[in-house]
Amino acid sequence: MQSIVLPNGLRILYYPAPGSQSVNIGLYVKVGSRYETEHDNGITHMLEHLHFRQLGEMSQADLYYAMECMGGTLRASTAKEVLRFRMKVRPKYLKKSIRLVEKVLTTNKWTEEQFEAEKKVVLCEIYEKGQECNLDYASAALTWKEHSLAMPVLGTEESVKKLCLQEVQAHKERFFSTPNTALVITGAFSEVDALYVNKVFENVSLSNSQPDFQMSDAAKSQFSRKPDVTFVDCSWDPIDVRIVFDVDTKLVGGQELVFLNSIIGGGDGSVLPGKVREELGLVYEIYSDPEIYEDSAVLSITFSIARKEFYQALEQIMKLLRGLKADISQREIESNKVFFTENLWFWLEDTDTLNFQLGLNMLGNKRPASIETMIKRNKKITRERLVELTNIIFKAENASIAVVGATGRLTKKMTRWIIADNLADE
């Protein structure tokens, strides 16, 4: 693994995997809906889309043709704190692919016609997902309240319609600066390839100023719940449910949270699916998921269930969490630990996951860790520490729950009581 900073300030990380049959290129920019306002919400996602409408002198058809001739993929995704462009190709096409990534950095010109056409595409995406009866939106609004983390990555119909091309171009110039951008290359490449990449990107002209994020503290929205409950009454049954627990990142490490999530509901054999789905047959699917941000985190539990069985399922889930606060069995630890130790070596067979992990670390100004280092850290996570984590996280004052569907006969009072009664400290 080699990390370098080019003379223009751009950071590049190389992680070779000589046995791999592919090379993954990831371009990461610290930008997203968290750094937007109600006025320009969705602007980052719009910017992502425009790169596929026109890339430098290449039209959309030219771009797709170039990628297909290499048998590769060019993808992009916008999240709340990161915009990622990624490519996967055979090693012999690395140089051609790098030139496309260079165009991603340097392209800033689109026509009004292209902008309006892409705006229609984004609006169709917003309409398709819906927002009034959407569990993601309802849960985020409840969890983060007035904070920008509550805003949807896609933006809203109102905010996207108001966007203009000049705003989007200025947004790119502001955030696509060298201190705010990182390039990660993983897989099968040589030292000669790395020298070529350095040569290409050291000539890229970008601003070297750090964007002024004007970022408010997300934790101000957390840790003082009733628990918080919201019902969005829509026509369907079964109902969609998400329980969210605030996580204090000063007390809980990110990798610890990922490990704990695996035990709770991150896999088929974890605690929640084993009891609620397999044993009780209350749901078709139930899973947990961590969301880790720069200064905050949450752990969520998501499922769909018949309305008449909602209270029963909620009580069973709370009892399971209370049980984990008392003890976590060695069996549960051993059945998950291999995924965070030995199985990390799988990342060298298809290095996209490794690329993403390294990219996030670089944007967060964390020292990138090798697979060996990550394995050593994970091996140090003990049973006692995991139990301690459950007692930090699973408290009524950390809990919020969003329910979307035919909620008419459910009450917030009963929902709060089940959560608070089961998670009260003994």
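The values are calculated or read from the model by the stated rules, or taken from the named source; none is laboratory data. Everything numeric in this text was worked out from a predicted model, so none of it was measured. Backbone-built Cβ (ideal geometry, glycine too); neighbour counts: all protein chains shown.
Here are some notes:
- Qualifying position, being crowded, with 16+ Cβ neighbours inside 10 Å, more than 21 Å from the chain's Cα centre (by Cα) and farther than 23 Å from residue 293 by Cβ, among 407, 411, 351: 407
- Just one of the listed residues (420, 402, 369) is within 30 Å of residue 25 (Cβ to Cβ) and either small (Gly, Ala, Ser) or part of a loop (DSSP other than H, G, I, E, B) (or both), and it is 369.
- Enumerated helices (runs of 4 or more DSSP H) restricted to the range 151-248, each holding at least 1 residues that are loosely packed, with under 15 Cβ neighbours inside 10 Å and among the aliphatic types (A, V, I, L, M): 165-175, 191-202
- Single residue of 362, 374 found to be part of a helix (DSSP H, G or I), touching a strand residue (DSSP E or B) at 6+ places or on another chain (Cβ under 8 Å) and surrounded by 16 or more Cβ atoms within 10 Å (Cβ to Cβ): 362
- Looking only at the range 377-404, and only at residues there that are touching a Phe, Trp or Tyr at 6+ places or on another chain (Cβ under 7 Å) and under 18 Å from residue 242 (Cα atoms), the one that is surrounded by the most Cβ atoms within 10 Å (Cβ to Cβ): 403
- Residue 281 surrounded by fewer than 21 Cβ atoms within 10 Å (Cβ to Cβ), at pLDDT 90 or above, of a type in the set (Gly, Ala, Ser) and out of contact with any Pro (no Cβ under 9 Å at 6 or more places or on another chain): yes
- Filtered residue count, the range 139-149, keeping only those that are in a helix (DSSP H, G or I) and either in contact with a Gly (Cβ under 7 Å, 6 or more places away or on another chain) or touching a residue at least 24 places away in the same chain (Cβ under 8 Å) (or both): 7
- Total residues in the range 105-135 satisfying the condition of being assigned to a helix (DSSP H, G or I) and surrounded by 18 or more Cβ atoms within 10 Å (Cβ to Cβ): the figure is 7.
- Of all positions in the range 377-391, at least one carries a residue that is under 30 Å from residue 180 (Cβ atoms) and either touching a strand residue (DSSP E or B) at 6+ places or on another chain (Cβ under 9 Å) or not assigned by TED's automatic domain parsing to the domain that holds residue 181 (or both).
- In the range 289-309, the residues that are assigned by TED's automatic domain parsing to the domain that holds residue 150 form no Cβ pair under 9 Å with any partner that is of a type in the set (Gly, Ala, Ser) and surrounded by fewer than 17 Cβ atoms within 10 Å (Cβ to Cβ), whether six or more places apart or across chains.
- Residue count, the range 98-125 (criterion: aliphatic (A, V, I, L, M), without any contact (Cβ under 8 Å) to a residue 60 or more places away in the chain and more than 30 Å from residue 14 (Cα to Cα)): 1
- Leading residue by the ranking (nearest to residue 254 (Cα to Cα)) among those in the range 279-308 that are hydrophobic (A, V, I, L, M, F, W, C) and assigned to a loop (DSSP other than H, G, I, E, B): 283
- Filter result for residue 148 (at pLDDT 95 or above, touching a Lys or Arg at 6+ places or on another chain (Cβ under 7 Å) and small (Gly, Ala, Ser)): no
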